[in-house]
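The values are calculated or read from the model by the stated rules, or taken from the named source; none is laboratory data. This is a predicted model, so every value here is computed, not measured. Here the Cβ positions follow ideal geometry from the backbone for every residue, glycine too, while neighbour counts run over all protein chains shown. Just the protein is used for accessible areas: all its heavy atoms, side chains included, with ligands, DNA and RNA removed. Shrake-Rupley method; radii C 1.70, N 1.55, O 1.52, S 1.80 Å.
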Amino acid sequence: MSPSVCRLWSTSNPYICMMKRIIIFLAAVWFVACGENPQEQAELLAQQAAACCEDGRLDEARMLIDSLRRTFPDIVEARKAALRLHQDVELKIAQQELARTDSVLVVVNRQLDGLQQQVDAHKAALKATAEELTALTLTRVRRDSIRTQFEALGMKIRYIRQKQEEGKSEE
């Protein structure tokens, strides 16, 4: 896990980040296990997950949803709410990743354009080097890879939205 992935309480140490996630998960399970009414406990977990989602703490929301699914497999209404919330969380994460990927794609396209102009000028003057041509090819490969990731994220977002619409029409 990269340090930039962990946003829980603004730590950059992956070990501390993982420990905090484990503590949150265990606290949620303990909290749920100590109560008396499973329906209320499941609803409380769903509310906590929704609050985390609204606050932008998407990893925490994922963990709470997972806790709800594992701890209360028989409480159908809470699981349905958790599914809708899970779709919202995954949609937000995919949208954030799409925005980052788009920014990287813009930068790589600019680099590629600059390299292409430089190589074209050197080719016209018969001064193009193998290093320049290799750099141009590698930049194209990188751009194509980022473009593929961008398209995959777009498809994921469309799929999640489609599933959300299907869920709304079933209700």
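For the reader, a short list of remarks on this structure follows.
- Index of the failed condition, V104 passing every other in (1) touching a Cys at 6+ places or on another chain (Cβ under 9 Å); (2) at pLDDT 90 or above; (3) within 30 Å of D144 (Cβ to Cβ): (1)
- Of all residues in segment 76-99 being farther than 20 Å from A51 by Cα and among the aliphatic types (A, V, I, L, M), the one that is farthest from the chain's Cα centre (by Cα): V76
- Members of segment 100-138 that are among the acidic types (D, E) and under 29 Å from the mean Cα position of the chain (by Cα): D102
- Residues of segment 122-153 satisfying the condition of being of a type outside the set (A, V, I, L, M) and surrounded by fewer than 14 Cβ atoms within 10 Å (Cβ to Cβ): K123, K127, T129, E131, T134, T137, D144, S145, T148, E151
- Of the candidates R21, R70, the single residue that is within 25 Å of E166 (Cα to Cα), out of contact with any strand residue (DSSP E or B) (no Cβ under 7 Å at 6 or more places or on another chain) and basic (K, R) is R70.
- Sole residue being closer than 30 Å to D66 by Cα, out of contact with any strand residue (DSSP E or B) (no Cβ under 9 Å at 6 or more places or on another chain), open to solvent by less than 40 Å² (accessible area, probe 1.4 Å) and among the hydrophobic types (A, V, I, L, M, F, W, C), chosen from V89, V119, V108: V89
- Whenever a residue of segment 108-130 is without any contact (Cβ under 8 Å) to a residue 24 or more places away in the chain, its partners that are open to solvent by 50 Å² or more (accessible area, probe 1.4 Å) and assigned to a helix (DSSP H, G or I), lying with C-beta atoms within less than 6 angstrom and at least six residues away or across chains, give the pairs A128/H122.
- Taken over segment 52-63, the criterion of being touching a Leu at 6+ places or on another chain (Cβ under 9 Å) and either farther than 21 Å from M19 by Cβ or not basic (K, R) (or both) is satisfied by C52, C53, D59, E60, A61.
- Near pairs, Cβ below 6 angstrom, 6+ apart or cross-chain, from segment 141-163 (farther than 18 Å from V89 by Cβ) to any residue that is among the hydrophobic types (A, V, I, L, M, F, W, C) and in a helix (DSSP H, G or I): R142/V108; R143/V108; R143/L112; I146/V104; I146/L105; I146/V108; F150/L105
- Filtering A49, A42, A61 for residues that are within 21 Å of G167 (Cβ to Cβ), open to solvent by less than 40 Å² (accessible area, probe 1.4 Å), in a helix (DSSP H, G or I) and at pLDDT below 90 leaves a single hit, A42.
- Residues that are open to solvent by less than 20 Å² (accessible area, probe 1.4 Å) and closer than 18 Å to I23 by Cα within segment 64-86 comprise L64, I65, S67, L68, listed in sequence order.
- For segment 92-104, taking the residues that are within 15 Å of L58 (Cβ to Cβ) and not aliphatic (A, V, I, L, M), the one that is least open to solvent (accessible area, probe 1.4 Å) is identified as E97.
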